[in-house]
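Take a look at the structure below.
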Amino acid sequence: MRTIILKTASNYLLPLLLLFSVFILLRGHYQPGGGFVGGLVASIAFVLHAFANGLKSTQEFLRYHPGIAIPIGLTISLLSGVLPLLSGLPFMKGSWFKDPVPVIGMVGSPLFFDIGVFFVVIGVTLTILFTISETAQE
Amino acid sequence: MIVAVLSGFIVAILLIFFGKYFRGKASVAFSALPLALFVYFLSMVPVVSSGNTLSSGLRWIPSLNVHLNFFADGLSLLFALLITGIGFLVFLYASNYLKGHIYIDRFFGYLSMFMGSMLGLVLSDNVLTLFIFWELTSISSFFLIGFDNDNEESRKNSLLALAITGGGGFFLLAGFILLGYVGGTLSIQEMLQLSEVIKGHQLYPWILAFVVAGAFTKSAQFPFHFWLPGAMKAPTPVSAYLHSATMVKAGIYLLARFTPVLGSHYYWNTTLLIIGAITMLYAAFHAIIRTDLKSILAYSTVSALGMLTFLIGLGTKEALIAASVFILVHALYKAALFLTAGVIDHETGIRDVTKLAGLRKVLLPVAIGGTLAALSNAGIPFTFGFLGKDLIYEATLAFEDFGIWFTAAAVITNIFLLYAGFIAGIKPFTGKLPVAYKDVHLPSAALWLPALLLGVAGLFFGVFPAVIDKSIIQPVVLAIHGSAVDIPLKIWHGFNKVLLLSIITITAGFFLFYFINPSNRYVKFIGKIDFLSPQQILSNGAYKIQHFSTWYTKTLQNGYLRLYVMVIVFFLMALLAYKLFTGVYIYIDSSQFHELTLYEVMVTGIMFIAILITVLTSSRLTAVASMGVVGYCLCLLFVFYSAPDLAMTQFTIDTLTVVLFVLVLFKLPPFISFANTAVKIRDAVIALSFGSLISIIALEVLNETVEKETSIFYGENSYALAKGKNIVNVILVDFRGMDTLVEIIVLTIAAIGVFSLLKFKISANENDHV
């Protein structure tokens, strides 16, 4: 299954797809997209890389176990919900910066929540897929 | 009061961390807790005896109207004093009884937890908190019965006790919820004012049945009595504390507590009278034919509990006074008898009364304690039991309709109980000391002093009833009966029928004691008709259920994914089809269809071909790939119908699913067609009917008037409130953000599940144990 073409392509596709996934994540608030789909796209990027170069090399490339993204994402999401509590607002109350940031657009707590979702989805998907494929190869 | 109730739990929790420092002699220190609480509750006596109630509260779950509200009236206080007073003696006793046991800290943890829950139970004003504490007593009792967890019998009996009392707890909860619904309040004190409303309500019989079921299971009334003799597997201090003096009286407490609310009703009185009478006679009969010390005491406890239920069922003023006194009388003498039995068991290792004799020569203080308790139990004049028995006879005689029969039942029960008490409290100490026990020596005071104190207390209250008359008993009667009653306790009532009955009881009891020796013969006889006992019937029933569930599980949960899918689809189909063909008029409104576009026709055509390939191919990889094609086509349809978010997600998910399939394919065995034609036809029929059913429903939806309220709300507010233009995403991260948060947690759990299932395999060695 390992072809030169796919291998070479995947090396270029990986950063592109990752960039695309971030794009999807950020545009989610105004146009179709969001953390969930973005996370899935990012996972596909890594899965494609693993298909082309073998699971080992993707794992080496990642350095850390993809599962590590789960607690990071959960923490970000939870924090974005908890932070409004500090200023006396209800849990998960959305709050925004007044002016839009260039490129990204409006920045607010829901965006951070979505970023958390993004990481959790990447972590979950890659953990499941990598675990199953490792077991299958044994 | 909150601190008093919770202190038991706090100690239990602290013991998890500091338990190891209390395994040695320091375990005596635990008895300081019940002692302090006893003094605290004693200090309440003056206030309560003047007719007031003390209360304190803490708002706990306001949205459910569940509050930690506690109040102490006469009834609560009597129980609180019993719980802490006897608790103190039992704690003291246990620290010596279990000396050197490696888990003694654990034992005291359970015991403190029990004490806390029991206090909470009797002091709660809110019925739901009462229920929580009620269940906590069952749970702590479970741990205490099964304390000796190496013993299979212990484990079995603790489970039995939990099953019976816990099952009763469910009924109690149902009863309380109905009570709250009918009365509109969860506070017991407020319910007291609503007695007429509740009794007049059509749900009253249900409330009665549920509450009484809870009380009967807890207080071991026939036919649920059998868990109590089984519970005697617990260490003896536990039997003395939980299974005679306090926990089993929780049911009695409940009945007494709700007498002013539910009582004085034909159903209430009849139920309690009949069950109470059956229990007291049945158990008294069992008590006299047993030879094991603790068995005798267990059955006589059941009998006494029956007597209390019976008295509350009589419901007259005299009967309620008698019940109030008898609760105290019984707690004092029965705890003393248990503690005595515990010492005998501890020192000689034998509990068979046919083998015990002459122990007074070596265990004199224990003998005095036991004898005093047995005398109080017998109702010999100048003991507290005498007062109790007189009041019972007065109550039954005063009852008009069946007074004679009730009196007869009470007399017979009392004769049997007297015999049982003598066998347990006096017989082991009389006669010649067998050689085997020559070396038995008196244990430390912590073991014999509690029983002696309780015995002396019984004598003291018998001689000076005025000490507790106004201060303790009358507030109890006030709480149960609802009005102040003035019948001072007297030692001497003059020559009347009551005295005559007392004399008959005592004489007959003595005759029994002198002429009938306990022997194993009777127990063997009972063993033959064991299959008729409620316990056997119940456990056979439980066996049948177990068999059924094994069969059921093996049939429906056989581990093949195809079967699970089939069952789920089939069931869903049955439900939907039933609903569709009974309540819905099916017609298809073709006017709402818009014209087919070329794209749609093409995509559907591709889908159809892909499905055919999936079904017909003999290569797994092809099947998976064509399934992926079906999924992509679906995404296209979503795009056509302007659901881009859905399409994107579906698209990525589909990709990943195909990848997942391909990854697993290596693992699967080569593709072999297992299914024969019949199976294939069956599956095709199921699949086709499911598909058509869903199509029909989808078409039917068009006919329904659409409620657009929700989508309009989100459409209008998504930018205004959440500053987002993509409604789907705004709903996900803002409006229903909480749902999403929970969903990502679920995802996490799924990932952990997959990871741990696949990575941490059980090695062959471990597998043997499973």
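Each reported figure results from applying straightforward, stated rules to the coordinates on display, with no laboratory input. Computed from a predicted structure; not experimentally measured. Glycine gets a Cβ as well: all are built from the backbone with ideal geometry, and neighbour counts include every protein chain shown.
Remark: for residue pairs B:Lys156/B:Lys249; B:Lys99/B:Lys294; B:Lys20/B:Lys438, the C-alpha separation exceeds 28 Å in B:Lys20/B:Lys438.
Shape summary: region B:598-672 maps onto an equivalent ellipsoid whose semi-axes, from the alpha-carbon gyration tensor, are 25, 16, 5 Å in decreasing order.
When B:His265, B:His243, A:His49 are arranged by Cβ crowding within 10 Å, least crowded first, meaning fewest neighbours, the order is B:His265, A:His49, B:His243. Rg and Dmax of chain B, both derived from C-alpha coordinates alone, stand at 34.6, 111 Å. Can you give the relative contact order of chain B as a percent, counting alpha carbon pairs under 8 Å and 6+ residues apart? In percent, rounded to a whole number, it is 10.
Here the residues B:Ile104, B:Ile697, ranked from fewest to most Cβ neighbours within 10 Å of their Cβ, fall in the order B:Ile697, B:Ile104. Taking the inverse of the mean 1/r over every pair of distinct Cα atoms in the protein assembly as shown gives a Kirkwood hydrodynamic radius of 33.3 Å.
Each of B:Phe511, B:Thr309, B:Gly385 was scored by the projection of its Cα onto the charge dipole of chain B, and the greatest displacement toward the positive side belongs to B:Phe511; charges sit on the C-beta of Lys, Arg, Asp and Glu. Counting only Cβ charges, +1 for Lys and Arg and -1 for Asp and Glu, the dipole size of region A:4-137 around its Cα centre is about 80 debye. Using Cβ point charges alone (K and R +1, D and E -1), the dipole size of the protein assembly as shown about the Cα centre works out to roughly 2480 debye.
Ranked for footprinting exposure by Cβ neighbours inside 10 Å, fewest first, B:Lys20, B:Lys361, B:Lys99 give B:Lys20, B:Lys361, B:Lys99. Its Cα gyration tensor gives region B:264-518 an equivalent ellipsoid. The semi-axes, each the square root of 5 times an eigenvalue, are 32, 19, 15 Å from largest down.
Summary: within chain B, the longest segment free of GluC sites (Glu not before Pro) located in DSSP loops with at most 14 other C-beta atoms within 10 Å is B:1-399.
Under a model in which nothing but the beta-carbon of Lys, Arg (+1) and Asp, Glu (-1) is charged, chain B shows a dipole of about 2700 debye around its Cα centre.
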